[in-house]
1. Do we have any residue at all in the stretch 37-55 that's without any contact (Cβ under 8 Å) to a residue 24 or more places away in the chain, outside any loop (DSSP other than H, G, I, E, B) and in the same structural domain as residue 291 (by TED's automatic domain parsing)?
2. Go through the stretch 254-327 and tell me which strands (runs of 3 or more DSSP E), entirely inside it, have 2 or more residues that are closer than 30 Å to residue 129 by Cβ.
3. Report every pair of residues separated by at least 6 positions or lying on different chains whose Cβ atoms are under 6 Å apart, first residue within the stretch 69-88 and at positive phi, second not in a strand (DSSP E or B) and not polar (S, T, N, Q).
4. Considering the stretch 191-233 alone, what residues qualify as being in a loop (DSSP other than H, G, I, E, B), of a type outside the set (Asp, Glu) and on the phi < 0 side of the Ramachandran plot?
5. Looking at (1) touching a Phe, Trp or Tyr at 6+ places or on another chain (Cβ under 7 Å); (2) farther than 30 Å from residue 279 by Cβ; (3) crowded, with 17+ Cβ neighbours inside 10 Å, can you tell me which one residue 139 breaks?
6. Could you tell me which of the residues 302, 282, 319 is of a type in the set (A, V, I, L, M) and surrounded by 22 or more Cβ atoms within 10 Å (Cβ to Cβ)?
7. So which residues in the stretch 61-90 are in a loop (DSSP other than H, G, I, E, B), at pLDDT below 95 and either of a type outside the set (S, T, N, Q) or buried (at least 19 other Cβ atoms within 10 Å of the Cβ) (or both)?
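The values are calculated or read from the model by the stated rules, or taken from the named source; none is laboratory data. Predicted model, so just to flag it, every value in this text is computed and none were measured. Using ideal geometry, Cβ is built from the backbone for each residue, glycine included, and neighbour counts are taken over all protein chains shown.
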Amino acid sequence: MRTTQRRQFLVRSIALALLAGARAEAQPRTYRMAVLSGLADETGEGLKAFFGRLEELGYREGRNFAVERRFAEGRLERLPALAAELVALKPDIVFTISTFATLAVLKATNTIPIVFAAVIDPVRMGIVKSLGRPGTNATGFSNQNDELPGKRLQLLKEVFPSASQLAMLHNPLNPIEVTMLATLKEASKTLGIVLRVVEVKSAQEFASAFKTLESERPDALYVIESPFNYVHRARIVEFANGLRLPVVYGSQEFAEAGGLMAYFANQIDQFRAAATYIDKILKGAKPADLPVEQPTRFELVLNQKTAKTLGVKFPPTILLRADRVIE
């Protein structure tokens, strides 16, 4: 009798264990992701596309996906502390936006996988060992394209053929801008344009920089696509338009804020692809083996409303090449 009871107990125990295991398998695992950006918030089209693609891949926040977000709001000095805070939460993966956000997380961890977007020159900045074989715990998508500054200057020359004096807002404390400035100088020489650098190291220095531009009156202005400029885009655009100064910008948000024109690497493609990389890594791939990809598609956005206000007429050839015209 006791033997029968023991057998029944054993059978019930096995059945309960199998049922518990089945229930556990039915419950989807919750992955934890941290997001760190050098910009202000997550309202941009890039992040919307990123989370949209994650949903397509089956990652739904609140169901099988938990996300911790931190934004430096253009204040790069905040990034190390924000990165350390996120790493302490021990996420399964970190998504970083901008070069300095990526560097901050890499300093905080060399084990947690990192997927990055909108990074400039990841090899020179020490983020990866090579584009083809990153060799670190980070991989992703670079904005690096040495031809971009030259193409932007060519656009300026097509719209304003007589332009020969170009000014650029420049933060010398940002090593990425120093590298990009060198590229821009070479491009300006090729086109016979004299480049004047106007330094802006903090928000407080905009006033003096704007006074310099007012007194020197360059033919055009080049605004680099840095997190600092992005955060202050409304202020920059308002000043340039008030001075009736032609400007080429490095991201579509400047044109949407009233800027004359912008030429940039497509961010939607990059952010959606970053979500795909995250899916691959969560399923077992290693960042060290996933190649860093560079932009292949570029877009031109023209603000026709601003052009009319400034008395600018875009040549038909430029209008035909535009991917988007803001009326």
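1. Yes, because at least one residue in the stretch 37-55 is without any contact (Cβ under 8 Å) to a residue 24 or more places away in the chain, outside any loop (DSSP other than H, G, I, E, B) and in the same structural domain as residue 291 (by TED's automatic domain parsing).
2. 261-265
3. Going by the 6 Å Cβ cut-off, the qualifying pairs are 73/40; 74/227; 74/228; 74/231.
4. 191, 193, 200, 201, 202, 218, 224, 226, 232
5. The number of the failed condition is (2).
6. 302
7. Result: 62, 63, 72, 73, 74, 75.
Here is a yes/no grid of residues against (1) touching a helix residue (DSSP H, G or I) at 6+ places or on another chain (Cβ under 6 Å); (2) touching a residue at least 12 places away in the same chain (Cβ under 8 Å); (3) under 25 Å from residue 150 (Cβ atoms); (4) in the same structural domain as residue 136 (by TED's automatic domain parsing):
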residue: 192; (1), (2), (3), (4): no, yes, yes, no
residue: 206; (1), (2), (3), (4): no, yes, no, no
residue: 213; (1), (2), (3), (4): no, yes, yes, no
residue: 252; (1), (2), (3), (4): no, yes, yes, no
residue: 279; (1), (2), (3), (4): no, yes, no, yes
residue: 282; (1), (2), (3), (4): no, yes, no, yes
residue: 289; (1), (2), (3), (4): no, yes, no, yes
